[in-house]
Amino acid sequence: MDRPPLPAQSSPYSLHFTRPKNSLPQLPTTTNLQRTPDLSRPPISLHLPPKASTTPPSNPNYTPVSDIPAASRKTEAPFPSTPKPYSNTTPWKRKPVPVKTDGLVKLPEAKTKLAIIVVGAGISGLTVAIGLKSAGHEVTILEASEVLADIGAGIQIAPNATRILGRLGLLQDVMQHATVLESCSMRRWEDDSELGNGQMGNDAERRYGAPLGVVHRGDLQAVLLAEVRRRRIPIHLSSRVVEVDEFFGARVKLERGQWLSADVVLACDGIKSTVRRQIAKTFGLSDMSVPTGDAAYRLQIPRSKIANSGNKRVKELINRNTGTRWLGPGGHIMAYPIRRGTIYNMVLMHPDTRLLSDNGNTGKRESWTNKGSKKEMVGFYKAWNPVIRDLIDMVPNGEVLEWTLNTHHPLPSWSMNRCALLGDACHPMLPYVAQGAAQGIEDAAVLTLTLSLISSKEEIGTALGVYELVRKERAERVQRSAERTRNVLHFVDGEEQIERDMKMRGASESMKRNAKDGEWKRENPDQWCDREWQDFMWGTDIMQQTVDNWCNLVQKVERRNVTDLNATMCC
């Protein structure tokens, strides 16, 4: 039963998602901020700072993380200063709404303190590092890049992600940068007519107990980085991992030839993951990215340019907390304001015309920073409505970014021995249901729980097994939904398109009426806007499920391990 609505607060997140009192360890006050923990030592007491080791480790194959050259210990990233609040009359900060607060999971304190190497400082890597450090583990992040730059564009942070960020004490900081979309307008490519309007914003927060917003990826990463530094988690830049232990023990090899050891290795190194390829090879698989046939342009149009437009409809787009989704033959566009209405973010999906000319080699274009051709972009969208053409015209030559949309075939397993994959390394998400960041954050939350609930290091394999049991089927189901949604959004005009549009209108009207007779369950072909699918994507509390079913999950993993062992002995 839901609790009575809470009274309105000055911030809708200050009460509902505050860090539980005494649930997180206090940081030591005497720790040298420049010191890197020596992983050759046993896990330290939770409230005591580590001491530097002066004795070389006895294992010749072991190098503690503290021996990484000082030149690679840069931790500062050139993120821009926080933008000034948008001061127009547009209500970017909406009124607080009552949310469900019952059943929230508190972060556990680790029963066994582990030394953990996190490979990659993206959204998944930073989140899992924060969660694990909060529980009392010793965490070190290894990042291949020389600098953590403010790259990317707008991404969605759905309720299944913001619920977790709240438990980490980060939601209020993240939402200061976010735009809360009150609705999403689905529109036709040719004449800009509305096909349907999905209610989000306050409606989603009431239903799922956590907010839904869009945010610049760089702003989200900046909030996570600030918390990483506050918790004194070391990040080593220019530290590319090229190999893990051949038996998947907790050892990694850096590009410069150095081996580092810990108790657990968590690989969050993206779609080109080295650890993923090594796990795939163990199963006799060649791990190659699979082109979807689509590519995407990413545009970020400053408010100043839109303000000078002579098109009234274009000006309306930047002044409303509304997402707009234009559907057309062979492509679609998703757009919304970010950074407090100072930028209009657009993602323009289209056929990947260079796929054949590249002979299927898309590796060089799996990047947020590859340049695209404005001429080709204008050519594809030349028959689309004037609103889209006017927006495209505002983008200067040389400022069009394009990247291919690739995926991977699912792996038989995400974990081997003491190593596990997270985020895009194990389930790269296509953007059609906007769950890439959210699913990576779910991975981080579950691993925080499983590695903190075990009683000894001998149970690490069980913890990783429970993580995979909880996350793999769900994440891969979301992956498949994105692939199905892609096909539906790109119908050419004809019978299929007419039927899709009719269903969208019907589902939209049903949600508006909030029918109590079950009519709201009418399927929306666009699964991102489908209420039943939203309940699955956004309504699932993955942390609560893990805690509630912990004993059963452990038993399932142990039974599976016995079955696998018996099968191996029979062979």
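Within region 183-207, being within 30 Å of Lys382 (Cβ to Cβ) and part of a loop (DSSP other than H, G, I, E, B) holds for Trp189, Glu190, Asp191, Asp192, Ser193. Among the conditions (1) in contact with a helix residue (DSSP H, G or I) (Cβ under 8 Å, 6 or more places away or on another chain); (2) closer than 18 Å to Glu255 by Cβ, the only one that Ala144 does not satisfy is (1). Does Gly341 satisfy being assigned to a loop (DSSP other than H, G, I, E, B), at pLDDT 90 or above and not charged (D, E, K, R)? Criteria met by Gly341. The residue that is nearest to Ser286 (Cα to Cα), counting only those in region 406-420 that are buried (at least 18 other Cβ atoms within 10 Å of the Cβ) and of a type in the set (Ser, Thr, Tyr), is Thr407. Please enumerate the residues belonging to region 367-388 that are crowded, with 18+ Cβ neighbours inside 10 Å and in a loop (DSSP other than H, G, I, E, B). Of everything in region 367-388, those that are crowded, with 18+ Cβ neighbours inside 10 Å and in a loop (DSSP other than H, G, I, E, B) turn out to be Gly372, Tyr381, Trp384, Asn385.
Residue count for region 429-446 under the criterion of being surrounded by fewer than 24 Cβ atoms within 10 Å (Cβ to Cβ) and in a loop (DSSP other than H, G, I, E, B): the result is 3. In region 265-289, of all residues being among the basic types (Lys, Arg) and open to solvent by 40 Å² or more (accessible area, probe 1.4 Å), the one that is farthest from the chain's Cα centre (by Cα) corresponds to Lys281. For region 478-496, a residue qualifies if it is without any contact (Cβ under 8 Å) to a residue 24 or more places away in the chain and either within 16 Å of Pro410 (Cβ to Cβ) or in a helix (DSSP H, G or I) (or both), and the qualifying residues are Arg480, Asn487, Glu495, Glu496. Strands (runs of 3 or more DSSP E) fully within region 115-182 that include at least 2 residues being farther than 30 Å from Asn319 by Cβ: 115-119, 138-142. Here is a list: Glu190, Glu243, Glu255. Which entry is within 30 Å of Asp501 (Cα to Cα) and either surrounded by fewer than 19 Cβ atoms within 10 Å (Cβ to Cβ) or aliphatic (A, V, I, L, M) (or both)? Unique residue meeting the criteria: Glu190.
Return yes when Ala420 is of a type in the set (Gly, Ala, Ser), within 27 Å of Leu148 (Cα to Cα), at pLDDT 95 or above and assigned to a helix (DSSP H, G or I) and no when it is not. Judged against the criteria, Ala420 is not a match.
The residues of region 143-155 that are open to solvent by less than 10 Å² (accessible area, probe 1.4 Å) and either free of Cβ contacts under 8 Å to residues at least 12 places away in the same chain or not aliphatic (A, V, I, L, M) (or both) amount to a single one, Gly154.
Among all residues of region 218-229, there is none that is open to solvent by less than 40 Å² (accessible area, probe 1.4 Å), at negative phi and part of a strand (DSSP E or B). The set of residues in region 193-217 that are open to solvent by less than 10 Å² (accessible area, probe 1.4 Å) and out of contact with any Lys or Arg (no Cβ under 8 Å at 6 or more places or on another chain) comprises Gly198, Met200, Ala204, Glu205, Pro211, Leu212, Gly213, Val214, Val215. Tell me, yes or no, whether region 443-461 has at least one residue that is more than 18 Å from Trp528 (Cα to Cα) and of a type in the set (Lys, Arg). Looking through region 443-461, at least one residue is more than 18 Å from Trp528 (Cα to Cα) and of a type in the set (Lys, Arg).
Table: residues versus (1) small (Gly, Ala, Ser); (2) in contact (Cβ under 8 Å) with a residue 60 or more places away in the chain; (3) under 30 Å from Tyr344 (Cβ atoms).
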residue: Val119; (1), (2), (3): no, yes, no
residue: Val128; (1), (2), (3): no, yes, no
residue: Ser134; (1), (2), (3): yes, yes, no
residue: His137; (1), (2), (3): no, yes, no
residue: Ile157; (1), (2), (3): no, yes, yes
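The set of residues from region 492-550 being under 21 Å from Ala210 (Cα atoms), modelled with pLDDT under 80 and basic (Lys, Arg) comprises just one member, Lys512.
Checking each residue in region 287-320 for being of a type outside the set (S, T, N, Q), more than 27 Å from Pro351 (Cβ to Cβ), in contact (Cβ under 8 Å) with a residue 60 or more places away in the chain and out of contact with any helix residue (DSSP H, G or I) (no Cβ under 6 Å at 6 or more places or on another chain) picks out Lys305, Arg320.
Apart from one condition, Tyr467 fits all of (1) touching a Leu at 6+ places or on another chain (Cβ under 9 Å); (2) open to solvent by less than 10 Å² (accessible area, probe 1.4 Å); (3) more than 19 Å from Ile279 (Cα to Cα); the exception is (3).
Against the test of being among the aliphatic types (A, V, I, L, M), more than 22 Å from the chain's Cα centre (by Cα) and either assigned to a helix (DSSP H, G or I) or surrounded by 24 or more Cβ atoms within 10 Å (Cβ to Cβ) (or both), the options Leu391, Leu449 yield a single qualifying residue, Leu391. In a residue-by-residue description of region 442-451, the property of being in contact (Cβ under 8 Å) with a residue 12 or more places away in the chain, of a type in the set (D, E, K, R) and under 21 Å from Phe248 (Cβ atoms) applies to at least one position.
Residues checked against (1) out of contact with any helix residue (DSSP H, G or I) (no Cβ under 6 Å at 6 or more places or on another chain); (2) within 30 Å of Gly341 (Cα to Cα):
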{"site": "Val214", "(1), (2)": "yes, yes"}
{"site": "Gly218", "(1), (2)": "yes, yes"}
{"site": "Val223", "(1), (2)": "no, yes"}
{"site": "Arg232", "(1), (2)": "yes, no"}
{"site": "His236", "(1), (2)": "no, no"}
{"site": "Glu243", "(1), (2)": "yes, no"}
{"site": "Arg251", "(1), (2)": "yes, no"}
{"site": "Leu254", "(1), (2)": "yes, no"}
{"site": "Gly257", "(1), (2)": "yes, no"}
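Taking Tyr297 as the residue in question, decide whether it is part of a strand (DSSP E or B), over 30 Å from Ser455 (Cα atoms) and out of contact with any Gly (no Cβ under 8 Å at 6 or more places or on another chain). The answer is no for Tyr297.
For (1) modelled with pLDDT under 90; (2) of a type in the set (Phe, Trp, Tyr); (3) surrounded by fewer than 24 Cβ atoms within 10 Å (Cβ to Cβ), each residue gets a yes or a no:
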{"residue": "Lys93", "(1), (2), (3)": "yes, no, yes"}
{"residue": "Lys100", "(1), (2), (3)": "yes, no, yes"}
{"residue": "Leu104", "(1), (2), (3)": "yes, no, yes"}
{"residue": "Glu109", "(1), (2), (3)": "no, no, yes"}
{"residue": "Ile117", "(1), (2), (3)": "no, no, no"}
{"residue": "Ala121", "(1), (2), (3)": "no, no, no"}
{"residue": "Gly125", "(1), (2), (3)": "no, no, no"}
{"residue": "Ser134", "(1), (2), (3)": "no, no, no"}
{"residue": "Ile141", "(1), (2), (3)": "no, no, no"}
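The values are calculated or read from the model by the stated rules, or taken from the named source; none is laboratory data. Since this is a predicted model, take the numbers as computed values, not measurements. All Cβ positions, even for glycine, are placed from backbone atoms using ideal geometry, and neighbour counts span all protein chains on display. All accessible areas refer to the heavy atoms of the entire protein, side chains included, with ligands and DNA or RNA removed. Shrake-Rupley method; radii C 1.70, N 1.55, O 1.52, S 1.80 Å.
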